[in-house]
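Dropping a structure here in structure tokens format, bear with me for questions.
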Amino acid sequence: MRRTAGVLLLLLAALGLGIIAVPAPSQASWLEPHTRQEPFPHAEIERALVVGKSWTVASLDFSWKHSNSHFIGDSLFNLGATEGVHFNYENNDGTWDYRRWEFAFTWGFSRNLQLDFHIPIVWASVWNNRMMDGDTKTPIEGVGLGDLRGGFLFQWLRTEKPKFNNSLATNLTFRFPTGSESPGTYLGGPNNVPTVITGSGTWGFDVGLRFKQQVAIVAIEAAVGYTWNPVGVVMYLIEDEEDFFNQHLDPGDVIHGNLGVTVQFFDKLALRGDLFLDYRTSTRWGSTTDSFPACETCLKIPASNGFWMDVEGRLIIDPTIRLGIDAYFRYSLAGRHSFLWPIEELSPSRGWTAGTNISYRF
């Protein structure tokens, strides 16, 4: 009996030593690539439009947009800004700064489907030479949450060949009215606490089609999309000398597209250029009303529709597969002569935008 017990003890001791000696299976942390993840191409030009199965991307984007314009008021329908028009007559130049932080999360749900969510924070200010307190500038400023966006991107086509990869995908994006659309506080009269609007105050939907083709060290991207604003009601700020009023605004819909070329001469560095072209339908505005659909009787703002064109240059650095750093500069080439401040999301101003983006894939 004692001999049997001794043998059992020896066997248990040997088993315990074996467990200690054999290393446990390795497991990647949540910040490292996992074994079930699809291989992720290091070269920017080789990557598909979707991030790949089981990959998660967290990114932070910061941009600063600056615009110099002239606010005019010689006509009821010219409530906005036009560059180089009536400046001497009105003596009413304006400076618009729009700073934006955006946190984004993207998840590769499957090989061909990714989900994404964007959280913007807006800090903006507008000033003209009528906003003076003696010799001190008194700009209108606002800080707050912008309109959240989320949706998915589905890849229909993917071809992987040496130096000849392509990808075709469609997107559906939702805009949520989480930003502040109120221009101030109403205290028994006109708004006396004017602020910058940080959101549209409306739901929105965007559908698009995007194609990417790689040829050696060059990748060409083309995209087209349609932004639909079905609700079309937003409160915005109108200035009439010393008074501020709430109004209804129907920003109309947008047909947009872009063409981009990426060149990668080096292993971890690429250059990209994009040409953006938008066509915006006419914007309507009118008095507050209970009509349905909203703004049905609102009047069109002349010259509020037409083509707008921007150009953008981007430097892309990928120190590792997981880390990405972008720096970009965007400039308005044509259009956007008139914008309804301060609604940058719905009626963008004309000027330049500088920004940077840092992303981490895990």
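Restrict the check to region 302-310 and report whether at least one residue is modelled with pLDDT of 70 or more and among the charged types (D, E, K, R).
Yes, that holds for at least one residue.
Modelled with pLDDT of 85 or more, among the acidic types (Asp, Glu) and either surrounded by 17 or more Cβ atoms within 10 Å (Cβ to Cβ) or in contact with a strand residue (DSSP E or B) (Cβ under 9 Å, 6 or more places away or on another chain) (or both): does that describe residue 181?
Criteria not met by residue 181.
Another one. List, please: which pairs have Cβ atoms under 7 Å, are six or more places apart or on different chains, and start with a residue in region 272-285 that is at negative phi and at pLDDT below 90 and end with one that is of a type in the set (Asp, Glu) and in a strand (DSSP E or B)?
283/250; 284/250
I've got another one for you. Residue check: is residue 123 hydrophobic (A, V, I, L, M, F, W, C) and either in a loop (DSSP other than H, G, I, E, B) or under 30 Å from residue 221 (Cα atoms) (or both)?
It is false that residue 123 is hydrophobic (A, V, I, L, M, F, W, C) and either in a loop (DSSP other than H, G, I, E, B) or under 30 Å from residue 221 (Cα atoms) (or both).
Right, another one. Taking the residues in region 135-167 that are in a loop (DSSP other than H, G, I, E, B) and of a type in the set (D, E, K, R) as candidates, determine which candidate is surrounded by the most Cβ atoms within 10 Å (Cβ to Cβ).
Per the criteria, the residue is 147.
Quick one: how many residues across region 304-318 are touching a His at 6+ places or on another chain (Cβ under 7 Å) and loosely packed, with under 15 Cβ neighbours inside 10 Å?
0
The values are calculated or read from the model by the stated rules, or taken from the named source; none is laboratory data. Everything numeric in this text was worked out from a predicted model, so none of it was measured. We place every Cβ from the backbone using ideal geometry, glycine too, and count neighbours over all the protein chains shown.
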